[in-house]
Each structure stands twice: as C-alpha cells, then as structure tokens.
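Asker: Here it is, the structure, as structure tokens.
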Amino acid sequence: MTPSLHDLDGRIGEGWGGDPGPDGCHVNVVLGVRGSATAAALLGTFTTPAPGHTPILVVVGEAQDRYDVVWPPTIMINKATAVEERHQTITWGAGQLGTAQGVLDAVADGLLEPTGDLVVFVCIWIDPSASDETAVRSAARVAVRRAIGVAVEGRDPDAAQDLVLRRDEVTSPFYGGS
C-alpha cells in the first residue's frame, strides 16, 4: 500500500548500486510534498545551480523534443563536480536514465504514487572516472530504488540498534586515522 503523501514529507533515504568502483553509484533521496517547507527547500536548490553542479528535472525520451517528465517530478543534482565532458555525459545521460528508472520502479512497486503533489529529490554521486554507461545506469537505478525504499519504509530497527552497539568500531573508507 502506498503511504499517504502527508506521511512522506521530509523522509530521506540513501542507497548504493553497482560494484564498488568507478561505475557504482551512491544516492541520497529526499521526498517533499507540494506546498511544504521541504518542497520549497528542494525547489530552491533546483533554481540555484553552481559551476559543475546542475540540478535537472529528470526526463526520458529519445530526443529533446519528445522528452517525457518522470512522475512524480524528480529533481536530480550531482554530488561529484562534473567539469569533464565524459563525466557530464555519463552523469546526465546514464545517471539521469537510471534515476528515472529507479523512481519508476518505486511507483511500479507501490511505494510512490505518480502524482505532481510529491517531489523526489535525488543527489547522485558518479565517480569522475566512470566509463561504462550501462553499468552506471543500472547502478543508479538500483541505488535510487533502494533509497526510496528506505525513505518510504524506514530502516530496519534491528540494523539501526546494531550500529549503535558497534559505534566504537565503525569505520569509513575515507578515514585514514587510527
């Protein structure tokens, strides 16, 4: 059963798709209901691009004059600065298509309704050295669907409690200290 829109406002989720490596994909998702403070903040981000970070309305279609907007409306912004042409192409090509497919998978699975009253915001990380467009598209699709699942269904309480219990042993691949 699809949750009510009121219950979805401000929910967040994250997901990884693909193999660890340059063609994998990490996303954060925020859901906002039209007219809410959350939606206003998301739309503010949509209207304030920065060099190398361009928020887009996610569309699909074989040509620009035949684009079809994904419903619910989905705003995607890249987390990795895209300044090289190949990285831009993969981000706004494969990343956007995978994002669209992940949102549409969530609709097909009954997690979201295809309505204009909900805004899906996806922050997507694609490695600048990514090279396999098909792998990136697939990874983005999986990551977005997983993130929406966490946002809508919540996190497993046992997994959250386990993390608390292991808090002194947790690590990060980006931490080099002891």
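Asker: R0 = 35 Å: FRET efficiency of A40 with V83, Cβ-based, nearest 0.05? It would help to have the intermediate numbers written out before the result.
Answerer: Working: r = 29 Å, r/R0 = 0.84.
Working from the Cβ atoms, E equals 0.75.
Asker: Under the rule a/c < 1.5 gives rounded, and otherwise a/b versus b/c splits prolate from oblate, where does the stretch 113-178 land using the Cα gyration tensor?
Answerer: oblate
Asker: Per-residue HN-Hα couplings for the stretch 117-130, Karplus 6.51 cos²θ - 1.76 cosθ + 1.60 at θ = phi - 60°, whole Hz, x for Gly and Pro?
Answerer: Working through the residues one at a time gives 8, 10, 10, 9, 10, 10, 9, 10, 10, 10, 4, x, 9, 4 Hz.
Asker: For the chain, what does the relative contact order come out to in percent, with C-alpha contacts under 8 Å and a separation of six or more? Don't jump to the answer; show the numbers that get you there.
Answerer: On the way: 360 pairs, mean separation 60.5, N = 178.
In percent, rounded to a whole number, it is 34.
Asker: Next question. If you place +1 on the Cβ of every Lys and Arg, -1 on the Cβ of every Asp and Glu, and leave all else neutral, what size is the dipole of the stretch 96-173 about its Cα centre, to the nearest 20 Debye?
Answerer: 120
Asker: Ordering H87, H53 from largest to smallest accessible area (1.4 angstrom probe), what's the sequence?
Answerer: Numbers: H87 10, H53 40 Å².
Order by accessible area, largest first: H53, H87.
Asker: In whole angstrom, note down how far apart the Cα centers of the stretch 111-178 and the stretch 65-81 are.
Answerer: 18
Asker: Positive end of the dipole of the stretch 1-144, charges at C-beta (+1 Lys, Arg; -1 Asp, Glu), about the Cα centre: which of T47, T74, G18 has its Cα farthest in that direction?
Answerer: T47
Asker: Heavy atoms only, probe 1.4 angstrom, no DNA, RNA or ligands counted: give me D23, D68 ranked by accessible area, highest first. The partial results should precede the final answer.
Answerer: On the way: D23 40, D68 95 Å².
Final ranking, largest accessible area leading: D68, D23.
Asker: Carbon-plus-sulfur fraction of the accessible area of the chain, 1.4 Å probe, in percent?
Answerer: Details: 5280 of 9700 Å².
Answer for the chain: carbon and sulfur cover 54 percent of the accessible area.
Asker: Only helical DSSP H runs with n ≥ 4 go in: add -39500 (n - 2.57) per run for the chain, normalise by residue count and round the 222 nm mean residue ellipticity to 500 deg cm²/dmol. Don't skip to the answer; put the middle values down first.
Answerer: Details: 6 runs with 63 residues, N = 178.
Taken over the chain, the calculation gives -10500 deg cm²/dmol.
Asker: Check L112: other-chain or 5+ apart residues with amide H under 5 Å from its amide H, H built from backbone geometry?
Answerer: V107
Asker: Then there's this: Treating the beta-carbon of each Lys and Arg as +1 and of each Asp and Glu as -1, no other charges, what is the dipole magnitude of the stretch 1-120 about its Cα centre, to the nearest 20 debye? Walk me through the intermediate numbers first.
Answerer: Working: 5 positive and 14 negative charges, 64 e Å.
Here the stretch 1-120 has a charge dipole of around 300 debye.
Asker: So what J values fall out for the stretch 168-174 if you push phi through Karplus, 6.51 cos²θ - 1.76 cosθ + 1.60 with θ = phi - 60°, rounded to Hz, Gly and Pro as x?
Answerer: Values per residue, Gly and Pro as x: 7, 10, 5, 9, 9, x, 9 Hz.
Asker: For N78, what residues show an amide H to amide H distance below 5 Å, using hydrogens built from the backbone and excluding near sequence neighbours?
Answerer: Counting only residues 5 or more places away or on other chains, the set is T54, I124.
Asker: Quick one: Karplus J couplings for the stretch 33-50, per residue in order, coefficients 6.51, -1.76, 1.60, θ = phi - 60°, nearest Hz, x for Gly and Pro?
Answerer: 8, 3, x, 8, 4, 4, 4, 4, 5, 5, 5, x, 5, 4, 9, 10, x, 10
Asker: May I pose another question? Mind ranking R141, R34 by accessible surface for me, highest first, 1.4 Å probe?
Answerer: On the way: R141 80, R34 165 Å².
Order by accessible area, largest first: R34, R141.
Asker: Answer rounded, prolate or oblate for the chain, using the Cα gyration tensor with square roots of eigenvalues a ≥ b ≥ c: rounded when a/c is under 1.5, else prolate when a/b is larger than b/c, else oblate.
Answerer: Details: a/c = 1.61, a/b = 1.07, b/c = 1.50.
Taking the square roots of the gyration eigenvalues as a ≥ b ≥ c, the chain is oblate.
Asker: Shifting gears a bit: Before I look further, what does the chain give for accessible area per residue, probe 1.4 Å, in whole square angstrom? If you can, show how the numbers build up before the last one.
Answerer: Values: 9700 Å² over 178 residues.
Value returned for the chain: 55 Å² of accessible area per residue.
Asker: In addition: Which value, in Å² and to the nearest 10, is the accessible area of V119 when all protein chains are kept and the probe is 1.4 Å?
Answerer: Estimated to the nearest 10 Å², V119 gives 20 Å².
The values are calculated or read from the model by the stated rules, or taken from the named source; none is laboratory data. Keep in mind that this is a model prediction, so the values were computed, not measured. Glycine also receives a Cβ, built like all others from the backbone with ideal geometry; neighbour counts cover every protein chain displayed. Quick note on the areas: whole protein, heavy atoms, side chains included, nothing else; ligands and nucleic acids left out. Shrake-Rupley method; radii C 1.70, N 1.55, O 1.52, S 1.80 Å.
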